[in-house]
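Q: So that we are looking at the same thing, I have put the structure below in structure tokens.
The values are calculated or read from the model by the stated rules, or taken from the named source; none is laboratory data. Owing to the predicted nature of the structure, the values given are computational and were not obtained by experimental measurement. For neighbour counting, all protein chains shown are included, and Cβ atoms are generated from backbone atoms with ideal geometry for every residue, glycine included.
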Amino acid sequence: MTTGPTEVTDKPAPAAAPARGGILARVTGAGWRRPAVAVLLVLACYAPFQLVPFRVFQLTMVLVYAVALLGLNLLVGHAGQISLGHGAFMAVGAYGAAIMLDRWDVPHLVTLPAAAALAFVLGLGLGLPAVRLRGLYLALVTLAIAIFLVPLLKRFESVTGGSMGLTLAKPAPPAWTGLAEDQWLYFLALAVTVTAFLLAHGLLRSRVGRALHAVRDNETAAEVMGVRLPFYKRLAFAWSAMFAGAAGCVYTWVIGFVSPDSFAVTLSITLLAGLVVGGLGSFAGPLLGGLFVMFVPGISQDINDAAPGVIFGLLIIVVMYVAPTGLAGLAGRLARSTKRILRKE
Amino acid sequence: MNERAGERGADPGPPGGDAFLTVTDLHAGYGEARVLHGVNLTVGRGEICAILGPNGAGKTTLLRALSGMVRVRGAVRLDGADLTRRPPDAVARRGVAHVPEGRGTFMPLTVEENLRLGAFVRRGRGEVEADLERIHGYFPVLRERLRQPAGSLSGGEQQMLAIGRALMLRPRLLLLDEPSLGLAPIVTRELFRIVQTINEQERTTVVVVEQNAHLALDVAGRAHVLETGRIVLSGSAERIRADEQVAQSYLGYRV
């Protein structure tokens, strides 16, 4: 008799479990995420009207880096692979767009899907080593890609403009918007960023996302469960490259100039550092990482003009010491302890 | 010795002759290191079959070979279908679920996400929900832990999760690699009891690799002793258990 009633109360729970759990998760863990995203979006739309053009440009660049880091996050944070050559995919997108604009006068908006698709295909190809290599070996191969890119871009001078690079027209704001150029560029970058985040979010919630997590957390178990490792590793590379390529394309729009030295090895390494500092595998990580990549080198320069690299490195060490799961992890921890304090009162 | 040598060639198979899994002259290895040297084995439909043997005999490699994770020579047939040299996902689609050595828990994912990944190659959401229920029936503790990261479970719970996750495939053949590894005896006994229940209720054929021969022989119908990459003895669990001399020479301890 005692088990009877408990069974009755137990029965409906399983059916309701997914929904109830979902709500619970939203309230406790990610509950503040939706409002936070909404507030952030409102602020993001408001900011360019309050800031001087240079600051607007800086924020635009934060968004560009955030999109690139979003891609890198898919690969490193979610699929557990590594890339020390992600700057190369950004370069592919940037140069792809630049050459399309320079040679064929393609409309700006067309360059975006084209550059993204180009990077996707290259990612599929360069994802081949990821199928066979892991860890340090994969890091080395991807690093090699980043290293050989700069001389390659300089070599094919007739197409890439060589060391001098290419100077291009920026997309002009349509008259009906009444926006200045910097504001228009900012909103273009914002639109790309929002789209990219929605796309990545959807991808991670799909079957593909589950497969990537399985590959990251236990390759053997993933394999016996029927997750095709070669396929999903290459797919992770391709998606990741696609976002980096899109970021590169927006980079070209915003700067109006590409040169090989903008995509040197340091860019790839800074991107990876920015992602780890921002928070691997987290939703906010790429945004925080974008802020870090954009502003911290400048701040380092202000602190000590002679050795910005040293300060930059030290700051990375400090962040990793204080917040081993990145700034996003730190924010989550602060939110939880705040909630605990509030609950006590 | 002659009698044993005779058994080395071909496994007479389970009584009744309804072979579900047939392994013929299976060779496998990793690069230069060859591990299996011509394994012959049949497993009857719906039986629990134990693979016994000392460390390094090739037990884990045999399971990995069955699920397509290592290159093999020879033949593996499941219910008439040829599984030789098929990739792991094709083998999984054929209904072979493999609980890997060390449980293969996706630590940062929740218990529920782990379970759902077990149904990765299957379609149809409604069935998956029903299967979650079914697995909670076998392992009630998993239901209480659904939202927890799987890494926070105890060893025994993780092994239950691993078996539950394998059941999400609705397997026709369940491969268990050393389920007792690192678990308390009482937990292991409980696990084997559940495996037996699963075998009886779902008619799932089970191949279990174990170092703990006692436990495995308690639930198995038939057993095979693997040594340095060859099956050196096959027979009913009772017979293997009774064969003390064999136990001493091949397992290194009294059964």
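Q: Restricting attention to segment A:181-200, report how many residues are in contact (Cβ under 8 Å) with a residue 60 or more places away in the chain and more than 15 Å from A:ILE255 (Cα to Cα).
A: Result for segment A:181-200: 7.
Q: Still on this structure: Given the conditions (1) in a helix (DSSP H, G or I); (2) within 14 Å of chain B (Cβ to nearest Cβ); (3) surrounded by 24 or more Cβ atoms within 10 Å (Cβ to Cβ), which single one is not true for A:PHE231?
A: It fails just one condition, (3).
Q: Let me ask something else about it. Within segment A:46-62, does at least one residue satisfy the condition of being within 27 Å of A:ALA211 (Cα to Cα) and touching a residue at least 24 places away in the same chain (Cβ under 8 Å)?
A: To start, the set of residues in segment A:46-62 that are within 27 Å of A:ALA211 (Cα to Cα) comprises none.
No; the residues of segment A:46-62 include none that is within 27 Å of A:ALA211 (Cα to Cα) and touching a residue at least 24 places away in the same chain (Cβ under 8 Å).
Q: In addition: Restrict the check to segment A:157-178 and report whether at least one residue is in contact with a Gly (Cβ under 6 Å, 6 or more places away or on another chain) and over 27 Å from A:VAL37 (Cβ atoms).
A: Looking only at segment A:157-178, we keep the residues that are in contact with a Gly (Cβ under 6 Å, 6 or more places away or on another chain), and these are A:168, A:170.
Narrowing further to those that are over 27 Å from A:VAL37 (Cβ atoms): A:168, A:170.
The answer is yes; a qualifying residue exists.
Condition check ((1) in contact with a Gly (Cβ under 8 Å, 6 or more places away or on another chain); (2) β-branched (Val, Ile, Thr); (3) closer than 12 Å to A:SER240 by Cα) across all residues:
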site: A:ARG55; (1), (2), (3): no, no, no
site: A:LEU59; (1), (2), (3): no, no, no
site: A:VAL62; (1), (2), (3): yes, yes, no
site: A:LEU69; (1), (2), (3): yes, no, yes
site: A:ASN73; (1), (2), (3): yes, no, yes
site: A:MET90; (1), (2), (3): yes, no, yes
site: A:TYR95; (1), (2), (3): yes, no, no
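Q: Considering every residue within segment B:176-190, establish whether at least one is under 21 Å from A:VAL208 (Cβ atoms), in a helix (DSSP H, G or I) and either within 15 Å of the chain's Cα centre (by Cα) or of a type in the set (A, V, I, L, M, F, W, C) (or both). Before you say what the answer is, go through the steps one by one.
A: Initially, segment B:176-190 is screened for residues under 21 Å from A:VAL208 (Cβ atoms), giving none.
No: zero hits.
Q: Shifting gears a bit: Could you list, in sequence order, all residues of segment A:82-95 that are surrounded by fewer than 24 Cβ atoms within 10 Å (Cβ to Cβ) and of a type outside the set (Val, Ile, Thr)? Break it down stepwise before answering.
A: So the first thing to find is which residues in segment A:82-95 are surrounded by fewer than 24 Cβ atoms within 10 Å (Cβ to Cβ), and the list is A:82, A:84.
If the condition is that a residue be surrounded by fewer than 24 Cβ atoms within 10 Å (Cβ to Cβ) and of a type outside the set (Val, Ile, Thr), then A:LEU84 is the only one that fits.
Q: For segment A:28-107, list the helices (runs of 4 or more DSSP H) that sit wholly inside it and hold at least 2 residues that are touching a Ser or Thr at 6+ places or on another chain (Cβ under 6 Å); which are they?
A: On the way: elements: A:33-46, A:53-73, A:86-104.
So the answer is A:53-73, A:86-104.
Q: Out of segment A:116-140, which residues are over 21 Å from the mean Cα position of the chain (by Cα) and either not aliphatic (A, V, I, L, M) or not in a helix (DSSP H, G or I) (or both)?
A: A:PRO129, A:ARG132, A:LEU133, A:ARG134, A:TYR137, listed by residue number.
Q: Please determine whether any residue of segment B:65-86 is under 28 Å from B:SER154 (Cβ atoms) and at pLDDT 90 or above. Even if it seems obvious, please write down each step before you answer.
A: First, pick out the residues of segment B:65-86 that are under 28 Å from B:SER154 (Cβ atoms): B:67, B:69.
Checking the rest, the ones that are also at pLDDT 90 or above come to B:67, B:69.
Yes: segment B:65-86 contains one or more residues that are under 28 Å from B:SER154 (Cβ atoms) and at pLDDT 90 or above.
Q: Against the definition (within 14 Å of another protein chain (Cβ to nearest Cβ) and assigned to a helix (DSSP H, G or I)), how does A:TYR251 come out, yes or no? Write out each step before concluding.
A: On the way: within 14 Å of another protein chain (Cβ to nearest Cβ): no; assigned to a helix (DSSP H, G or I): yes.
No; evaluated as a whole, the condition is false for this residue.
Q: Quickly run through segment A:174-184 and pick out the residues that are of a type outside the set (Ser, Thr, Tyr), surrounded by fewer than 19 Cβ atoms within 10 Å (Cβ to Cβ), part of a helix (DSSP H, G or I) and out of contact with any Lys or Arg (no Cβ under 7 Å at 6 or more places or on another chain). Talk me through it step by step, then tell me what you get.
A: If we filter segment A:174-184 for residues that are of a type outside the set (Ser, Thr, Tyr), which is where we start, we get A:174-176, A:178-184.
Imposing the further condition that a residue be surrounded by fewer than 19 Cβ atoms within 10 Å (Cβ to Cβ) reduces the set to A:174-176, A:178-181.
Pick out the ones that are also part of a helix (DSSP H, G or I) and you get A:175-176, A:181.
Within segment A:174-184, A:ALA175, A:TRP176 meet the criteria.
Q: Mind listing just one residue for me: the one in segment A:185-217 that is buried (at least 21 other Cβ atoms within 10 Å of the Cβ) and away from chain B (no Cβ under 14 Å) and, of those, farthest from A:GLY80 (Cα to Cα)?
A: Restricting to residues being buried (at least 21 other Cβ atoms within 10 Å of the Cβ) and away from chain B (no Cβ under 14 Å), the top hit is A:LEU185.
Q: Still on this structure, please answer the following. Considering A:PRO113, A:PRO171, which residue is outside any helix (DSSP H, G or I), under 24 Å from the mean Cα position of the chain (by Cα) and surrounded by fewer than 21 Cβ atoms within 10 Å (Cβ to Cβ)?
A: On the way: A:PRO113 fails: outside any helix (DSSP H, G or I).
Going through A:PRO113, A:PRO171 in turn, the sole match is A:PRO171.
Q: Check every one of the helices (runs of 4 or more DSSP H) wholly within segment B:52-166 and list those with 1 or more residues that are crowded, with 19+ Cβ neighbours inside 10 Å, facing chain A (nearest Cβ under 10 Å) and touching a residue at least 12 places away in the same chain (Cβ under 8 Å).
A: Per the criteria, B:59-66, B:88-93, B:111-118, B:125-138.
Q: I'd like to verify a number: residues in segment A:141-151 that are without any contact (Cβ under 8 Å) to a residue 60 or more places away in the chain and under 22 Å from the mean Cα position of the chain (by Cα), how many?
A: Residues that pass the stated criteria total 2.
Q: Among the listed residues A:PHE237, A:PHE231, identify the single one that is in contact (Cβ under 8 Å) with a residue 12 or more places away in the chain and of a type outside the set (Lys, Arg). Lay out the reasoning, then the answer.
A: Working: A:PHE231 fails: in contact (Cβ under 8 Å) with a residue 12 or more places away in the chain.
Checking each option against the conditions leaves just A:PHE237.
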